[in-house]
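The numbers here are math on the coordinates, done by the rules we state, and not lab data. Since the model is a prediction, treat every value here as computed from it, not as a measurement. Note that we place each Cβ from the backbone using ideal geometry, even for glycine, and neighbour counts take in every protein chain shown.
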């Protein structure tokens, strides 16, 4: 059992939770993830480690409540327990040896981008951060990201006073003379795809963090397979970081959409069955 040390809502539907897991905290590095379950009946949920504290043994994750399992986890209060927390899993991000890096996060991807930017800043790397959100009400970790370097926040609707896409901001910084030796992009696949298309124009090395469908997190199920440079890789053991210019994003998005379609069809089938039986608790 793993005790919840802290729970905080960052915006409607997004929860930051710190769990007491000293053995995981002692070994966790930026880019790695954990798999958690709310209870013995819960689904296994992979979540990137947003922060770890070796002193108090805390492991922090940030997640959206988008389904029954994440809602069950989000319903937990401080002092209550999660039944399982396994990790750290995945390969740690390779962040040493760079002089100037742009870290680009989209939406919840900023929860993954932030620890990478924090580490880069701690080793003396000059960091520009670009964070994109649909609207200002969804902005998270703004002060934390500001502490890591120059921060540009854009919103799709301009509600924060800076309308645009992360690619618009990145192109502007590059054309203004920013000499990046690495760009890190983390967010929705479509966002990462267009960041990579942009950086390829300028010949800038780009790393993306992949978050496909994942089940066991140890390379056994193959659910998280991605195509990188024409080869099949598993995000859970070979990643989650990959060369963005080698990733087949179109295949990734087709697979993700396929899973969503199957999930939606199964949910509709269940609801229809409940309605046929005259039940109202679907």
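Odds and ends about this structure:
- Matching label, Rg/Rh (Cα atoms, Kirkwood Rh) computed from the structure shown, candidates (1) 1.16; (2) 0.97; (3) 0.94: (2)
- Here the calculated FRET efficiency for residue 40 and residue 237, from their Cβ-Cβ distance with R0 = 25 Å, stands at 0.45, rounded to the nearest 0.05.
- Helices in the chain, meaning DSSP H runs of at least 4 residues, each add -39500 (n - 2.57). Divided by all residues, the mean residue ellipticity at 222 nm is -9500 deg cm²/dmol.
- Using the Cβ-Cβ distance between residue 99 and residue 246 with R0 set to 35 Å, the FRET efficiency works out to roughly 0.90.
- Across the chain, the mean sequence separation of Cα contacts (distance under 8 Å, 6 or more residues apart), normalised by length, yields a relative contact order of 15 percent.
- Just checking the listed ones, 171, 37, 254: in the Gaussian network model of the chain with Cα springs under 10 Å, the one fluctuating most is 254.
- Between the Cα long axis of helix 249-276 and the first principal axis of the chain there is an angle of about 20°, rounded to the nearest 10.
- Tilt relative to the chain, helix 166-175 - C-alpha long axis, 0 to 90 degrees, to 10: 10
- Nitroxide proxy distance, nm - points 7 Å out along Cα→Cβ at residue 1 and residue 81: 0.3
- Take every pair of alpha-carbon atoms less than 8 Å apart whose residues are at least six positions apart; their mean separation over the length of the range 42-91 yields a relative contact order of 24 percent.
- Percentage relative contact order, the range 100-252, counting C-alpha pairs under 8 Å, at least six apart: 20
- Within a Gaussian network of the chain (alpha carbon springs, distance under 10 Å), most fluctuating of 107, 67, 132: 67
- Each Cα pair of the range 100-252 feeds into the Kirkwood radius, which the Stokes-Einstein equation turns, at 10 °C and 1.306 mPa s, into a diffusion coefficient of 101 µm²/s.
- Extending 7 Å from the Cα toward the beta-carbon at both residue 11 and residue 156 defines two label points whose distance is 1.1 nm.
- Under a Gaussian network description of the chain, with springs only between Cα atoms under 10 Å, the residue in 43, 175, 78 that fluctuates furthest is 175.
- The C-alpha atoms of the chain define a longest principal axis, and helix 189-202 lies at about 10 degrees to it.
- Cα shape, the range 1-137, gyration tensor, a/c 1.5 rule: oblate
- Computed from label points 7 Å out along Cα-Cβ, the spacing between residue 126 and residue 181 is 1.2 nm.
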